[in-house]
Each structure stands twice: as C-alpha cells, then as structure tokens.
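Single-structure report; data block below.
The values are calculated or read from the model by the stated rules, or taken from the named source; none is laboratory data. This is a predicted model, so every value here is computed, not measured. With ideal geometry, Cβ positions are generated from the backbone for all residues, glycine too; neighbour counts draw on all protein chains shown. Keep in mind that these areas ignore ligands, DNA and RNA; they rest on the heavy atoms of the full protein, side chains included. Shrake-Rupley method; radii C 1.70, N 1.55, O 1.52, S 1.80 Å.
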Amino acid sequence: MYEYKGKIKRIVDGDTIEVIIDLGFEVNITQVLRLNRIDAFETTLRNNTTPEQKILGIKGKEFLTGFLPENTKIVIRTEKNDKYDRYLAEVFFNNINVNDLMVKEGYAIYKTY
C-alpha cells in the first residue's frame, strides 16, 4: 500500500474522484481514483438502478462534493487497479476515512473488488 498527499480536482460520483497527486520533488499527476471497498449508488438510470437509488446517487455526489470541494487537501492510500484501470484508494480528510463516511451517511454500500 502506498500513501500520497493530494488535492481534489473534481468529484465524478459518490465513489470516484479525480485528484492531483503529489509524488514529491514538485512532481504532480492527475489521476481518477475509485474509493476502495465501497459502491455508491448510480447517478443515472442504468444497470437496474431504481429511481430511488438514482436520487441517492445524486445526493451522494452532492454530499461528497460539499465535503471535499475542489482543492481540498487529502491523504490517499492506494492499493491496486480496478477493472477500469482506476486505482483503488482509501481517502482521508482531517483523519476521517471518506470511504467509510459514504457508507455511514447511506450513500454507498460496502463491496469487495
């Protein structure tokens, strides 16, 4: 597992974020990260998403955008890539595990990848 500092570029949805990652020595990269261990509800009606789940998906994205606005500094612990070649990451803000917070707030469920 690797740990990096980064800052939020944008929230894609309730379990996917785009981050500017500090690699050290003034080297930064922009990367799309999937929040590890969770699955947020979809923001569109697809993959058997119900209208109620879509509403939760939209609210989850709004919650995460409010909790981690653009340029928020975070700590990232990455593990491995998922099937879409996104890094799976545990995200921390002020010592709060954002992945667990999304489940606690009801916007995601735990899932093994």
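Per the listing Lys80, Lys111, the residue uniquely over 13 Å from the mean Cα position of the chain (by Cα), of a type in the set (Lys, Arg) and farther than 23 Å from Gly24 by Cα is Lys111.
Where residues in segment 6-42 are over 17 Å from Leu101 (Cβ atoms) and in contact with a Gly (Cβ under 9 Å, 6 or more places away or on another chain), which of them is modelled with the lowest pLDDT? Once the filter is applied, the top-ranked residue is Glu42.
Would you confirm, using the coordinates I've provided, whether Thr112 is among the hydroxyl-bearing types (Ser, Thr, Tyr) and either open to solvent by 80 Å² or more (accessible area, probe 1.4 Å) or part of a helix (DSSP H, G or I) (or both)?
Details: among the hydroxyl-bearing types (Ser, Thr, Tyr): yes; either open to solvent by 80 Å² or more (accessible area, probe 1.4 Å) or part of a helix (DSSP H, G or I) (or both): yes.
When the stated conditions are applied, Thr112 passes them.
Is it true that Asp100 is on the phi > 0 side of the Ramachandran plot and outside any strand (DSSP E or B)? Criteria not met by Asp100. Do we have any residue at all in segment 30-48 that's out of contact with any Lys or Arg (no Cβ under 8 Å at 6 or more places or on another chain) and among the aromatic types (Phe, Trp, Tyr)? Checking segment 30-48: not a single residue is out of contact with any Lys or Arg (no Cβ under 8 Å at 6 or more places or on another chain) and among the aromatic types (Phe, Trp, Tyr).
I'd like the full set of residues that are surrounded by fewer than 11 Cβ atoms within 10 Å (Cβ to Cβ) and modelled with pLDDT under 85, limited to segment 43-61.
Scanning segment 43-61 gives Thr44, Arg46, Asn47, Asn48.
The condition (being in contact with an Asp or Glu (Cβ under 8 Å, 6 or more places away or on another chain), open to solvent by 70 Å² or more (accessible area, probe 1.4 Å) and within 16 Å of Arg86 (Cβ to Cβ)) is satisfied by just one residue among Arg10, Arg34: Arg10. Given the condition part of a loop (DSSP other than H, G, I, E, B), aromatic (Phe, Trp, Tyr) and touching a helix residue (DSSP H, G or I) at 6+ places or on another chain (Cβ under 9 Å), answer yes or no: does some residue in segment 62-75 qualify? The answer is no, given that none of the residues of segment 62-75 is part of a loop (DSSP other than H, G, I, E, B), aromatic (Phe, Trp, Tyr) and touching a helix residue (DSSP H, G or I) at 6+ places or on another chain (Cβ under 9 Å).
When segment 13-31 is examined, which residues are found to be closer than 14 Å to Ala108 by Cβ and open to solvent by 20 Å² or more (accessible area, probe 1.4 Å)?
At the first step, the residues of segment 13-31 found to be closer than 14 Å to Ala108 by Cβ are 13-17.
Hit for segment 13-31 is Asp13, nothing else.
Of all residues in segment 64-98, those satisfying the criterion of being closer than 18 Å to Ala108 by Cα and either among the β-branched types (Val, Ile, Thr) or surrounded by fewer than 12 Cβ atoms within 10 Å (Cβ to Cβ) (or both) are Thr65, Gly66, Val91, Ile96, Val98.
Lys54 passes every criterion in (1) touching an Asp or Glu at 6+ places or on another chain (Cβ under 7 Å); (2) part of a strand (DSSP E or B); (3) not hydroxyl-bearing (Ser, Thr, Tyr) apart from (2).
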